[in-house]
Amino acid sequence: MLSWAPLGGGARRASTIVNHQIDPGDRAATERPRPYLEALLRRLELEPRAAVAMMTGADIRKASYAMVRRGELIAGAWCTAGCSNALRIGDPATNGKMRPGTINIALVVNQPLSACAMAEALAMVTEARVAAVHEAGVSSTRTLRPATGTGTDCIVIASPVGGSAHTYCGKHTVIGELIGKAAIRSCSGALRHRGL
């Protein structure tokens, strides 16, 4: 997996992806996310070292899923979305003044990706999120310009280990097409049903 998740971020082997909904005023979660998520996983009888965990203030009951397949190649994406924290890249820093609401995406492909392809997939899903946010007409809460995401978004890319790995997954590749379609459909669906 590859992500910037508060627990298990970076490149790592893991067997579980968690997208945990927190209450907007939960200071324990927002001020110390890693210990909070470690304790949560232990309560769920999951091993924190084998997990990648994100948090959101968005209603996870409104999550959206999309799967795209061509032959034996499958890409699936899950997304939760809230936009009360929407920003445009390069907006003035908020200096810790965050409101709940985030766009979290977990993208899983059923075939191995090289380290290079994992990084490229992360860029592809980020680009899909930006396109979905633009199409939804979301504006920055700071500048009112078209938003590109929120200040607390997180993306996780997952693929199996072993076998022949895809070296690249850009827009000219079939796997890149499937990643893009799954991510944009999932994010668009979650944005249509967002609560925050």
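FYI, it's all coordinate maths here, none of it is from the lab. Remember, predicted model here, so these are calculated numbers, not experimental data. Because the Cβ atoms are built from the backbone with ideal geometry, glycine has one as well, and the counts that use them run over all protein chains shown.
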> Considering only DSSP states other than H, G, I, E and B, which trypsin sites (Lys or Arg not before Pro) in the stretch 63-158 qualify as loop sites with at most 14 other Cβ atoms within 10 Å?
Replying inline: LYS97
> Taking only C-alpha pairs under 8 Å that are 6+ residues apart, what is the relative contact order of the chain in percent?
Replying inline: 28 percent
>> Net charge around ALA28, counting only other residues with Cβ within less than 14 Å of its Cβ (Lys, Arg = +1; Asp, Glu = -1)?
In response: 0
> What number comes out for the charge environment of ALA158, summing +1 per Lys or Arg and -1 per Asp or Glu over other residues with Cβ under 13 Å away?
Replying inline: +2
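Based on the inverse mean of 1/r over its pairs of different Cα atoms, what is the Kirkwood hydrodynamic radius of the chain, in Å? Could you put the intermediate results ahead of the total?
On the way: mean 1/r = 0.0594 Å⁻¹.
Hydrodynamic radius (Kirkwood, Cα only) of the chain equals 16.8 Å.
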> Which whole-Hz ³J(HN,Hα) couplings does the stretch 132-144 yield from phi under the Karplus relation 6.51 cos²θ - 1.76 cosθ + 1.60, θ = phi - 60°, glycine and proline marked x?
Replying inline: 5, 5, 4, 4, 7, x, 6, 10, 4, 6, 9, 10, 6
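Rounded to the nearest angstrom and ordered from largest down, what semi-axes does the equivalent ellipsoid of the stretch 6-56 get from its C-alpha gyration tensor (root of 5λ)?
With the √(5λ) rule applied to the stretch 6-56, the semi-axes are 18, 11, 9 Å.
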>> Given Cβ point charges of +1 (Lys, Arg) and -1 (Asp, Glu) and nothing else, what value in debye, to the nearest 20, does the dipole of the chain about its Cα centre take?
In response: 260 debye
>> Projecting each Cα onto the charge dipole of the chain (Lys/Arg +1, Asp/Glu -1 at the beta carbon, about the Cα centre), which of ILE60, LEU144, GLY76 comes out farthest on the positive side?
In response: LEU144
